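Working notes, structure below.
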């Protein structure tokens, strides 16, 4: 609910109050956003503050470079379209398999703060259960050239983060500088991509609580909807290609439904962040440590119990059938 609005240059500045009390918001957790929960939608440059003057979000139109957008898209789209059933609460339930289509297109690259089940199995067999739980994702390991092509856009998002939300950026960037396990010269350790994925009402967990969240979108084909919403304040933001949104992701937020106009329409959302546990486990580690650790993690993909040639060939054949872009 808007309680005050003013204009500063080409930026509309809103002050908003809660339309839903805290105790009712908890009842809406893990449910899907409804258009009736929105009082107004932001379509142009805007800053939004709560009624006590705390920044809720900053939104800027047409800021991101098209060449960098296209390079990022071409590098990650095959990876981003891989499906998973392990998404948790943002897919509508605390259960892993939810909804009519439990296989959703959401994936992570960069660095991660836990091992995959197969890696844990190898660790157990090797008696290496005390290995630091930090790793590169498989996308980084198997497709380093593609990963490098994502960096220019990620750096551009990072630059706007520094410009638009300098206080939060400074705190997050300080942490990022304390670990070598990060995306080159940025305040981020990790990126999540979502394809045509409608999140439920939730608060982000696992990211830096002192930092700010962000969102960029790449579009192919025509669609409607997908607005990012803060239901407790009745506000929605229509983030489209080239736009950049910085927001307090520790407030309740979610997405309105995506309606395809073209059957093959794609809404690729990009979220860059610093994973708190990853930073906590690796702060003050050296680059040498990171290289050695990454080499150990790579070795976990080889099963040491498979020694015979026939078994090795069978293992390779089975691996080829698996998701080549798995986290």
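Comparison of 224, 219, 209 shows that the only residue that is surrounded by fewer than 20 Cβ atoms within 10 Å (Cβ to Cβ), closer than 29 Å to residue 44 by Cβ and either more than 17 Å from the chain's Cα centre (by Cα) or modelled with pLDDT under 95 (or both) is 224.
For residue 192, the conditions (1) under 19 Å from residue 65 (Cα atoms); (2) part of a strand (DSSP E or B) all hold with the exception of (1). Considered as a group, the residues in region 1-10 that are assigned to a strand (DSSP E or B) and either out of contact with any strand residue (DSSP E or B) (no Cβ under 6 Å at 6 or more places or on another chain) or in contact (Cβ under 8 Å) with a residue 40 or more places away in the chain (or both) include one that is surrounded by the most Cβ atoms within 10 Å (Cβ to Cβ), and that residue is 3.
Of the residues making up region 253-270, those that are crowded, with 21+ Cβ neighbours inside 10 Å and farther than 17 Å from residue 69 by Cα are 253, 254, 255, 256.
Where strands (runs of 3 or more DSSP E) fall entirely within region 210-259, those with at least 2 residues that are within 15 Å of residue 199 (Cα to Cα) are at 213-220, 228-230, 235-237. Is there a residue in region 12-24 that is touching a strand residue (DSSP E or B) at 6+ places or on another chain (Cβ under 8 Å), exposed (fewer than 15 other Cβ atoms within 10 Å of the Cβ) and part of a loop (DSSP other than H, G, I, E, B)? Yes: region 12-24 contains one or more residues that are touching a strand residue (DSSP E or B) at 6+ places or on another chain (Cβ under 8 Å), exposed (fewer than 15 other Cβ atoms within 10 Å of the Cβ) and part of a loop (DSSP other than H, G, I, E, B). The criterion of being in contact with a strand residue (DSSP E or B) (Cβ under 8 Å, 6 or more places away or on another chain) and assigned to a loop (DSSP other than H, G, I, E, B) does not hold for residue 57.
Filtered by the rule that a residue be surrounded by fewer than 18 Cβ atoms within 10 Å (Cβ to Cβ) and part of a loop (DSSP other than H, G, I, E, B), region 31-48 gives 31, 32, 34, 39, 43, 44.
Contact map, region 174-192: first residue on the phi > 0 side of the Ramachandran plot and crowded, with 23+ Cβ neighbours inside 10 Å, second residue at pLDDT 95 or above and in a helix (DSSP H, G or I), Cβ cut-off under 9 Å, separation 6 or more or different chains; the map is empty. Among the residues of region 286-311, those that are modelled with pLDDT of 90 or more and surrounded by fewer than 12 Cβ atoms within 10 Å (Cβ to Cβ) comprise 286, 287, 288, 291, 292, 295. Within region 120-145, work out how many residues are closer than 23 Å to residue 179 by Cα and part of a helix (DSSP H, G or I). Of the residues in region 120-145, 7 are closer than 23 Å to residue 179 by Cα and part of a helix (DSSP H, G or I).
The values are calculated or read from the model by the stated rules, or taken from the named source; none is laboratory data. Predicted model, so just to flag it, every value in this text is computed and none were measured. Glycine also receives a Cβ, built like all others from the backbone with ideal geometry; neighbour counts cover every protein chain displayed.
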